[in-house]
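Right, one structure below, let's go through it.
Just so it is clear, none of the values below were taken in a lab; they were calculated from the coordinates. Remember, it's a predicted structure, so these values are computed and weren't measured experimentally. Heads up, the Cβs are rebuilt from the backbone with ideal geometry, glycines too, and the neighbour counts pull from every protein chain shown.
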Amino acid sequence: MKVLVVGATGNIGRKTVAEALQLGHEVTAFSRSSRGFGPATGLNLASGDVRSSEDLKAAVPGHDAVILTFGAPLNRDTILRPTDICEVGTRNVVAAMQAHDVPRLIAMTSIGAGFSKGRGRWPFRNIIAPFLLRNILADRVVQEEVVMASGLPEWVIVQPAELTDGKRRSDLRHMTDFEGQPQPTTVARASVAAFLASMVSDKRFDGGGVLISD
Ligand SMILES: NC(=O)c1ccc[n+]([C@@H]2O[C@H](COP(=O)([O-])OP(=O)(O)OC[C@H]3O[C@@H](n4cnc5c(N)ncnc54)[C@H](OP(=O)(O)O)[C@@H]3O)[C@@H](O)[C@H]2O)c1
């Protein structure tokens, strides 16, 4: 399959590109710079900003699936002020996919948005999410609404639990609701990347959200 990874220079994005290549997909890495990518079989580079509908209209055609791994950094600016990068970027991606009949969207968002609001370990759900991530999560909520209202034939929302740089695990919990289950905890970026790449052909969570946690 031909897969576009949007946010490919990020920690998760870079690993997602590698995992998708490993699975035998042809991958286009879309980001504002192509830093750190050497030549690799099956890898193409596309430079662009998710805020630019033109950049995405140029990059999206010809792919079978798009994986979103981009997001705003947690810093003073995003703690203090609203951000709309995920909303705007996802609107632009969806519009380009619709215009060019690209059917499948795998949208990584975050624990604390949508169906996992109020979930996570105590510090995350009581301090980090409501205070430090307030603006970032508000943007993620709208991003998910854009995906759900996209009208695309195939979409899935993937919410990582709190991110770590630990080792990839294959025994993740896949949570689509939280009834009677222990709280989500953490998940390694490497595990998230492998899961996102697997969603290119695995359709069991389509049309909804799944939270992945150790
Ligand atoms: N911290 C947590 O516990 C947690 C939990 C769940 C989900 N998340 C979410 O996971 C996301 C990804 O994590 P990460 O570690 O991979 O983040 P990261 O390393 O900061 O990567 C963010 C990516 O987004 C890209 N990006 C940002 N603005 C862009 C724009 N305007 N156009 C194109 N690309 C743009 C960046 O590209 P450039 O290289 O061009 O800047 C980079 O590739 C975070 O944004 C966060 O919201 C975090």
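Spin-label point model (7 Å from Cα, Cβ direction): what's the LEU80 to ASP214 distance in nm?
With each label placed 7 Å out from Cα toward Cβ, I get 3.4 nm.
List the DSSP H helices in the chain whose Cα atoms stretch 15 Å or more along the helix axis and whose mean Kyte-Doolittle hydropathy is at least 1.0. Please report the intermediate quantities before stating the final value.
Details: long enough: 11-22 (17 Å, -0.33); 85-99 (21 Å, 0.72); 134-148 (21 Å, 0.15).
The qualifying helices: there are none.
Using only the Cα atoms of the stretch 95-179, build the gyration tensor, take square roots of its eigenvalues as a ≥ b ≥ c, and label the shape rounded, prolate or oblate: rounded if a/c is under 1.5, else prolate if a/b is larger than b/c, else oblate.
Values: a/c = 2.25, a/b = 1.55, b/c = 1.45.
Prolate shape, in that a/c is at least 1.5 and a/b is the bigger ratio.
Just from the alpha-carbon atoms, what are the Rg and Dmax of the stretch 139-214 in angstroms?
Computed over the Cα atoms of the stretch 139-214, radius of gyration and Dmax are 12.7, 36 Å.
Assuming R0 = 35 Å, what is the FRET efficiency of TRP122 and GLU154, from their Cβ-Cβ distance, to the nearest 0.05? Can you show the working numbers first?
Details: r = 36 Å, r/R0 = 1.03.
Efficiency, rounded to the nearest 0.05: 0.45.
Quick one: which of 172-179, 8-15 comes out on top by average Cβ neighbours within 10 Å, and what's the full order, highest first? Could the numbers behind the result be given before it?
On the way: 172-179: 13.8, 8-15: 21.6.
Result, highest mean Cβ count within 10 Å first: 8-15, 172-179.
Need one number: nm distance between label points at ASP49 and ASP171, each 7 Å from Cα along Cα→Cβ, rounded to one decimal.
Here the modelled spin labels are 4.6 nm apart.
Taking H placed 1.01 Å from N in the peptide plane, check which residues at least 5 places from MET108 or on another chain put their amide H under 5 Å from its amide H.
Those qualifying (amide H under 5 Å, at least 5 residues apart or on another chain) are LEU68, VAL158.
Please check which bits of the stretch 192-212 a label hung off GLU179 would reach, taking the label as a point 7 Å along Cα-to-C-beta and the cut-off as backbone N under 20 Å.
Label zone hits: 205-212.
Got a sec to turn the phi values of the stretch 23-31 into Karplus ³J(HN,Hα) couplings, 6.51 cos²θ - 1.76 cosθ + 1.60 with θ = phi - 60°, whole Hz, x for Gly and Pro?
7, x, 7, 8, 10, 10, 9, 9, 6
How far, in nm, would the chain grow between ASP202 and LEU23 when pulled straight, counting 0.36 nm per residue and subtracting the alpha carbon separation? Can you show the working numbers first?
Values: separation 179, 0.36 × 179 = 64.44 nm, distance 1.23 nm.
Additional length available on full extension: 63.2 nm.
Hey, any idea what the orientation-averaged projected area of the convex hull of the stretch 2-213's Cα atoms comes to, in nm²? Working shown, then result.
Numbers: hull surface 43.9 nm².
One quarter of the hull surface, i.e. the mean projection, equals 11.0 nm².
Below 8 Å between Cα atoms, with a sequence gap of 6+, how large is the relative contact order for the stretch 55-214 in percent? The partial results should precede the final answer.
Details: 277 pairs, mean separation 41.6, N = 160.
RCO, the stretch 55-214: 26 percent.
Using Cα centres only, tell me the gap between the stretch 71-141 and the stretch 8-47 in whole Å.
Comparing the Cα centres of the stretch 71-141 and the stretch 8-47, I get a distance of 22 Å.
Counting only residues 5 or more places away or on other chains, whose amide H sits under 5 Å from the amide H of GLY10 once H atoms are built in the peptide plane?
none
With +1 assigned to the C-beta of every Lys and Arg and -1 to the C-beta of every Asp and Glu, and no other charges, what is the dipole magnitude of the stretch 122-214 about the Cα centre in debye, to the nearest 20? Provide the component values of the computation, followed by the final result.
Values: 10 positive and 12 negative charges, 60 e Å.
In debye, rounded to 20, the stretch 122-214 gives about 300.
Could you work out the Kirkwood radius for the stretch 6-101, taking every pair of different alpha carbons, averaging 1/r and inverting it, reported in Å?
Working: mean 1/r = 0.0718 Å⁻¹.
Kirkwood radius, the stretch 6-101: 13.9 Å.
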